[in-house]
Every structure is written in structure tokens, then in C-alpha cells.
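The values are calculated or read from the model by the stated rules, or taken from the named source; none is laboratory data. Keep in mind it's a predicted model, so treat the numbers as computed, not measured. Methodologically, a virtual Cβ is constructed for each residue, glycine included, from the backbone with ideal geometry; neighbour enumeration extends over all protein chains shown. The protein model used for the area step is the full one, side chains on, heavy atoms only, and it has no ligands, DNA or RNA in it. Shrake-Rupley method; radii C 1.70, N 1.55, O 1.52, S 1.80 Å.
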Amino acid sequence: MAHENKREPLFHIVKRMDIKPGAKVGIKVLSIFIGLLIAAIFVVALSPKSNNFFGFFGSMASGVFSTPRRFWKYLLEAALLLGVSIALVPAFKMKFWNLGGNGQILMGCLGTCVVMFYLGGKLPDPILWILMLVAAVAFAGIWAVIPALFKAFFKTNESLFTLMLNYIAAILVGYTISSWYPKGTGSMTPLTNGQLPIINNTPFGKCFLPIVLFVFITTAVALYLKYSKHGYELSVVGESENTARYIGINVKWVTIRTVLFSGILCGLVGFVLSGAINYMMSTNMDSNMGFTGIMVAWLSHFSPIVMVFISLFIAFITKGMSQVNEDFGFTDENLSSVITGIIFFLLIASEFFVSYKIIWRADAQKVVDKIAFPFVWVGKKLSPVFEKIGNFFTGLKLKLTKGGK
Amino acid sequence: MHQLELRNITKTFGSVVANNNVSLTLEKGEILSLLGENGCGKTTLMNMIAGIYYPDSGSILINGEEVSIKSPIDAFNHGIGMIHQHFKLVDVFSATENIVLGYKEEGRFNLKKSAIKVKEIADKYGFIIDPKKKIYDMSVSEKQTVEIVKVLFRGADILILDEPTAVLTPQETRKLFDVLRKMKEDGKSIIIITHKLNEVMEISDRVAVLRKGEYIGSVNSKETSESQLTEMMVGKKVELNIDRTEPKDPKDRLIIKNLSTIRDDGLPGVRNIEFTARSGEILGIAGIAGSGQKELLEAIAGLSKIKSGTIEYINPENEEIVNLCLKSPRQIRDLGVRLAFVPEDRLGMGLVGNMDLVDNVMLRSYEKGKLDLLDRKTPGKLTDQIVKDLEVVTDSVNTPVRRLSGGNVQKVLVGREIASVPKVLMAAYPVRGLDINSSYLIYNLLNEQKENGSAVIFVGEDLDVLLALSDRILVLNGGHITGIVDARSATKEEVGLLMTKSVVVEEE
């Protein structure tokens, strides 16, 4: 057929069946790059202070790498985020949409601070630490298990339930603070007893324990999901409840157990935040990590290894943007949040292009080719690098799978 | 000039070629059967005519003129209407409301006038339809009628029916065919997708065959035979024989008395079921879809709420009688009662689509071992064995099961279930969606289990197969047993009548 069919739609969308690991990396790198580019344009256009386009990137980097202290703070932020994301994964794998990470973290903070406040000075610190841990885990665990019980026995919707519990947790924390400091401004002063040990006189001081702890937890949860019977059961329940019932798995019990576990891990983040870093609590101590963690978990497709990289990236953007905020003279924090949002949005959007392909009408294809030419050219030049990164991840995954056999 | 002509249509989904360079014609006033194994691209091809997909290349001509069908509305404007396998109706609306839904009419919206028009269409072609009846009150066959009238209401000249008889009894099928013949006399062109060769021969003027996305050819129904059509579909000669041996030393294995169940939604499931399944025998279960087959099997497997009655299992090792009603699925399984249950959604129960073959085979045995650690080695070996014995086509045992074709998925499931030498094997629609070769492999596996002395319960939808494979056939309708017949002497009509026979219930 020689003539072109003009009535053909401009483009149509086709699902990709198999995508090369290199192309996947390429798409993600490209979308992050475009995201940064858009962010830079916005920042320069809106900045009252500077219009140095390339300065944006320098500023980003300096927010993280300029001093050892900043770098360790950055790693701490990434570790906390990793801790929350990995906490959410068991529940998510079971298709229990735990949106209550924030609330569970806050309850962990509350448990920790309650022990520090009431028992501090009355008991030796090591005993206090254990009690703080127990209280944090118990508070957060209860906060998670309530919606799990309702889901298991009454089939209530866990998303709404956990979401609402976030507000209650924040109010509980606020109420506790104001009852402790009736004349205060609603904020706490750091508690002196029960502070978790830190390594003094090093640049990484407070950061060391949390980083080690969350790297350890991530490894442990990854192994739990992959090699334990519990991990297997929760995947079956998540993938197909009918199959789980058919095989004789007690779906109710698995639901409760897994969500309890997820909540406990969130509680640990609260324990670290209040016991090892801030020695106090506030209603926004969770810094919304319960939600950011959801994004990390999804973007990494629940793979703990990828999760490490995504956490590092997101922490990089957050830390970098707060530096940009300062350097470019923004007085309003929200502006940098909007720009961070743009970068995240582009990163999430890249998932679409990993799963789908756009096929243009023949005449439109020519135009698209022209516009996309520089990207294609750069992409081709860089493709060996992307391929290597892609193969690295695939290889890692294969090794882990094979290891199980 | 052809009513409809497809020229060199190609459609791909990623690396999967669903249709490759297919050219096809449809004449005015013709009934064309589109035949081919599952996954050969029949539905994809039809969806392109109906505006659901857009072809990657190639063209569609109507009355000799090239058209571009970008949406179902375009298709309607060109006089094309498709009746999908899964009905697309609003449950709480009446027949007329569903029929006019989305239809743009001149002037004011007038439901009464539309109802009259619906009635006219129904009378013209011999449909039986109550325009005011709500969809949720309708039987499957009535819903199908609504779908067909909906298409005619919009003035379709080309009708596409995707497996319309899959959900009908033989009697309902005959009625549908009468209607189709009337439409043909009226000058409508009809494409009908079906698997059943005898129906193809009965209803169509011409048969077009697709194989693996490619057009193989078309033959006039009068000049062909079932074996020729099969050969065209499969690409080689296939023996379509099912051996049926006499049951060897049958012993009562399951005795079910007065069984009534309650479904998850609180409505009654099966009612007052009484039958006996014997070792070394295949008990077929026939019935219109949704007559209680699922509920019955799930009750035996310990998956549904039992209101009353007993399910007695006679353990062949010690002749001990166990009441399965009081047991959990796990305890029942340990007794050797195996449920190879495959509902419409193949991966909905029994397998986990996103897990690989080993993890799926492991479902049965993962609990073994004292530690909380999984042992993937033993199931790994079993998987290799199943892949080898049943000729499962897969890249590796680490491929997610959902990537396998329907037949291979089924082989994995059935292979796992029979690996443990079950005493009772229940299979629901085990060949649904499978190609001919895989179907016969599954029949042979069921026969093998019968020879090994297990009591096989086989829920089927193709009456010809049920009659050929089973020793006895139990017929369900509306949750009741309407009859148990000897499969060797019963006829298709007899079973068909039992399938629609109603049982008067004395409500307590």
C-alpha cells in the first residue's frame, strides 16, 4: 500500500513486552535529567538573587557533598527514608496499602519519649533504652494492628483507616506535649536521660547508629521476604487471596502478623528519631516520610537493593533543594517543595515509558525524530554505560534468585 | 464488492505478533465462522473491526471504500456491531435502557418509543425479550439477546459474535442459530467466533481459519469436514479420540448427603446435594455456568461455608470414614483430596501468576521442614520433572507462570496436583481456553488418574467431551441436582434438558 492513511490517529500507545535493562536505565536517567533541567529553569526564572543556570547544579551538589557533616547528614536522611520504605514493603507485598507510615513513626516517637520523660533519671540508661525500644515498638505496632484487625475481620478499607490514624497520632503527640509543658509554646525541649549512645568526636556522630541499624534492617527484611516461609506466605496472600485460601494459608493471621511487623519497623524509625537524634518529639517529626517511603517502595518495585539507590537519590534531591533554596534567595520553603515535586513527578512518569511505547503516525514520526534527535544521539553514545548499569542490576537479581535454589 | 474486506492487517503487542498480514473478506448476507485455537488472534482481529484496537498496518474496507475505525462509535457509524464474550451491560438498568445507552437520537429522548422499536426488532428476528426487565433478573441467554438487539438497534449490518455459544445450553444455542439465520435472510452479514466444530458446520456458510496470528485460508462449510478444519487450525493431523475404559474395581470414595452451602454473599449455594464418587471412575458434572459447580467443589475442598449435610470421605488405606465438613483445607489435603480447580480466571485460584514455576509447585509443600526457612531444592526437582513429563514449554523454571500460555499454565497446575497421587481429583473446566493438543493431553491425564484408582470429578462445559470422557454425569441447575445419568447411554439432548430443568424448592 503506497499511500499514507491520513485518517490514522496521530499516535497510539503500545505496551512493551520486554525491555532491555539498558534501555530502562536510559529512560530513567533521561527523565531525571529532564526533571533537573525543568527545575533549573524554574529556579533561575523565579530567583530574586541569582540567574546562574549552571549554579543550580552546583548548589544541588554542594548541599550534599561540600562538607563531611553535610554528607553524613545526607546519608542519615537516606537511611531513615530507607528504613521507612523497607518497613512498608512487607505490607505492600501483601497488597495491604499501609498509608499510615507517618502515624506509626509518630507513635514510635511517642512511646520513646513517654519512657524518657517519665522514667528518665529513675532507671539506669541501658534499661531505659530497652524500655524505650519496647514502648516504641508496642505503640507503633498497636497503631498498625488496629486497621489490620478491622481489615481481617470486617473487610474495612485499610487505606482510609491507616490514613485517618495518622491525624490521630499527630494529635496524640501534640496533646501529650502540651500536657507536659502546659505553659509552653507546644514544642518540647530535648530530654537528657535515655539518649542513645553516639560516637563522639567524629564527623558522623549521631548518624552512625541509625545508618548501621537501617542497613541491617533492610538486609534482614530482604532475606525475610525472600527465604522465609512467612515471606512466601505473605506474597501468596498478596498475589491471590483465593490461592492462599485454597492452599490452606490462614489469611487473617498472615494479614495481622505482616502488618504488625510493618508497623513495628516504622516504630523503630520513630525510636531512632526521638531516642538517637532529636531526644524529643513534635507533631511533624515524621517529615512525611511515611508518604515519601511509599514512593520509594513503588519506584523500586519492592526490590530492597534498588530501594537503597532510590532513597539515596530522593534524599539527594531534598537536601540539594534546601541548599538551592538558600543560595537562590527563596524565602518561601514551599517553592522548593514544588520544584522537588516536579523532579519526582518526572521520575514517576518515566515508569510509563518503561512499560509503554508511543508509536507515531509515519508523518508525525519524522517531526518527532527531528525534535528528539539530540536525545537519541546522546542516548546512543551513552548506551554502553546504561547497558552496564542495567546488567549490573539484572545480574544482582539473578544471583539472588539463583542463590535460593 | 465485499461487504467487509480486511487487507494485510498486522497488529503487534510488544514482541508478540497477534495478527500478521491477515486479509479476509465478508460478503453481504453471509455467515462466516472464524476458527482457530486460543491465542491465534481471532478476538484481536475482530476488536480491530469493532474499533477497540487500531491496526499497526493494513486497511479495512467497507463496501469497497477504505475506512478508518478509531473507536467503537466509528464502528457503529459504519454499521459494525460486536457482541463481546463478556457482556457489557449495566446491571440495574432495564433491557431498553441498556439498549439506548450512549445512542444519540434525533429529537428528545423517548424511552417508550425506544421500547416499541426494541419490540419490533425482537419480533422481526424472533427474539424473546422483555424490554422492561432488569439485567440482574436475566439469564445469560437473555443478556446475550439484549446485547444483540443493542447492536441491531443501532442499525448494524455487520455483526460480530465472539464465542456466543460458550455460555448457552444446546437448546438455547439452537434458538440463537434460528435468529442468526433470520438475520442472514434479512441481508445482514455475520462473523461468529467459535471453537465448536459441529456448530461451525451447522451455522456458517464459510469458515476462515487463523493459526498463530496468520490467515490460513477459508473453505465453504458444505465442502469441508471437521477433520480438515482441525488440521487447518493445528497445522497437522490430530487424533480426536478419547479412550474410555470400564471402571476397575470401583469403591465408594466420597459420599455426599444432603449438602447445602452458603456463598460469601450470603445467598444459598448448592442445595440438598446427594451423590457418591467412586474410585476408578470419572464423574462428570454438567450445567450452565454458575449452576453451583464452583460451590460444590469448594465445599468438598473445605473452602466454603456449609449449612447442612455431610461429606464423608472413605480413606482407602484403613476404610475409615472421615467427615470433611469439619476439616480445614489443609487437613483435607493431607487426606489426599486434590482440587485442581480452574475457574474462568485461570490464575485466580491454585496458582500465583507473578511467581515462577518452582514457587508455584512449592505451594503444596512449602511448609515442610522445621525451620522457618524455605526449601526450594526439592520443589525445584519436582518442577523439572513436571516440565519434562508434561512437556511444559517455558524458558526456564524461573519464569513467572503468567508468561506461559494457557495450556502450559494448566499443565503446571495439573502436574502439581497429580504429583502427590491424589485419592480424589477434582478438575473444573480444566481445558477452558486450551488448544486441541493440550486439551487431549489433559483428558489423558484425567484418564490416567482414573486408571490409578482415584475418584475423578470433572466439571466440563462441552457436552460432547463430557459424554465421551465420563462414566456418569451429574447435572446441576440452580444449585440442585437435576439428574445423574449414565454417560455411556445418555444423549446430549437429555443432558441439555436436565441442565434447564427446574426444581421446585419448598422454602422453609
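Numbers at a glance
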| item | result |
| --- | --- |
| Heavy-atom accessible area per residue - chain A, 1.4 Å, Å² | 49 Å² |
| Within the accessible area of the protein assembly as shown (1.4 Å probe), percent carbon and sulfur | 59 percent |
| For segment A:229-246, 3J(HN,Hα) per residue [Karplus equation, 6.51 cos²θ - 1.76 cosθ + 1.60, θ = phi - 60°, Hz, x = Gly/Pro] | 5, 4, x, 5, 4, 5, 5, 4, 4, x, 6, 7, 5, 5, 4, 4, 5, 4 |
| When chain B is reduced to its Cα atoms, the Kirkwood hydrodynamic radius in Å | 24.8 Å |
| Backbone HN-Hα couplings from phi across segment B:194-206 [Karplus 6.51/-1.76/1.60, Hz, Gly and Pro as x] | 7, 9, 8, 5, 5, 5, 4, 5, 6, 9, 8, 7, 9 |
| Zone residues, segment A:368-395, relative to residue A:352, backbone N less than 13 Å from point 7 Å out along Cα-to-Cβ | none |
| Simple Cβ-charge dipole of segment A:272-405, Lys/Arg +1 and Asp/Glu -1, about Cα centre, in debye nearest 20 | 1040 debye |
| Degrees separating the helix B:170-185 axis from the principal Cα axis of chain B, which is the longest one | 10 degrees |
| Diffusion constant of segment A:67-307 at 37 °C, which comes from Stokes-Einstein with the Kirkwood Cα-pair radius and 0.692 mPa s, µm²/s | 181 µm²/s |
| Signed unit charges on C-beta, dipole axis of the protein assembly as shown, positive-most listed residue A:355, B:300, A:217 | A:217 |
| Helix A:289-299 axis, angle to chain A major axis (alpha carbon atoms, nearest 10°) | 40 degrees |
| For segment B:361-396 versus segment A:75-94, the gap between their alpha-carbon centres in whole angstrom | 31 Å |
| Lysine pairs within segment B:308-410, Cα separation less than 21 Å, 8 or more sequence positions apart or different chains | 5 |
| Within the protein assembly as shown: Cβ-based charge dipole about Cα centre, in debye rounded to nearest 20 (Lys, Arg +1; Asp, Glu -1) | 2580 debye |
| For residue A:356, residues with placed amide H under 5 Å, excluding near neighbours | A:16 |
| Whole-Å distance, taken between Cα centres, linking segment A:340-397 and segment B:397-431 | 39 Å |
| Residue-normalised accessible area of segment B:348-421, given per residue in Å² at a 1.4 Å probe | 46 Å² |
| Nearby aspartates and glutamates by direct alpha-carbon distance to residue B:88 (threshold 16 angstrom, same-chain neighbours under 8 apart not counted) | B:97, B:137, B:142, B:147, B:162, B:163 |
| Tensor-based shape of segment B:1-69 (alpha-carbon gyration tensor, a/c under 1.5 rounded, otherwise prolate or oblate) | oblate |
| Selected from A:271, A:373, A:56 as most flexible by GNM, with chain A as the system and alpha-carbon contacts under 10 Å | A:373 |
| Overall form of segment B:348-421 per C-alpha gyration tensor (a/c, 1.5; a/b vs b/c) | prolate |
| Charge dipole (segment B:4-234, unit charges on Cβ, about Cα centre) - positive-most of B:107, B:203, B:90 | B:107 |
| Antiparallel DSSP beta bridges within the protein assembly as shown, percent to nearest 5 | 60 percent |
| Eligible aspartates and glutamates near residue A:366 by straight Cα distance, threshold 14 Å, same-chain separation 8 or greater | A:4 |
| Along each principal axis, Cα extent of segment A:191-271, largest first, Å | 58, 25, 14 |
| Listed residues A:82, A:234, A:160, most fluctuating in chain A (Gaussian network, C-alpha, under 10 Å) | A:160 |
| Cut-off under 5 Å, modelled amide H: who pairs with residue B:253 long-range | B:277, B:278, B:279 |
| Computed magnitude of the charge dipole of chain A (debye, nearest 20; Cβ of K, R +1, Cβ of D, E -1) | 1120 debye |
| Chain A - mean residue ellipticity at 222 nm from DSSP helices (-39,500 (n - 2.57) per run, n ≥ 4, rounded to 500) | -25500 deg cm²/dmol |
| Amide proton proximity set for residue B:83, modelled H, under 5 Å, gap of 5+ | B:160, B:161, B:162 |
| Overall Cα dimensions of the protein assembly as shown, principal axis frame, Å, largest first | 93, 78, 57 |
| Chain A: angle of helix A:68-93 to the longest principal axis, Cα-based, in degrees nearest 10 | 90 degrees |
| In the B-A interface, the accessible area buried, summed over both sides, Å² (probe 1.4 Å) | 3500 Å² |
| Shape box of chain A [Cα atoms, principal axes, largest first, Å] | 88, 64, 38 |
| Greater than 28 Å apart at Cα, pairs in A:95/B:133; A:380/B:70; A:95/B:450; B:117/B:143 | A:95/B:133; A:380/B:70; A:95/B:450 |
| Anchor residue A:73: lysines whose Cα lies under 17 Å away (excluding residues fewer than 8 positions away in-chain) | A:206, A:319 |
| Selection from B:287, B:260, B:229 lying farthest towards where the dipole of chain B points positive, charges on Cβ | B:260 |
| Global form of segment A:1-114, assessed from the alpha-carbon gyration tensor, a/c cut-off 1.5 | oblate |
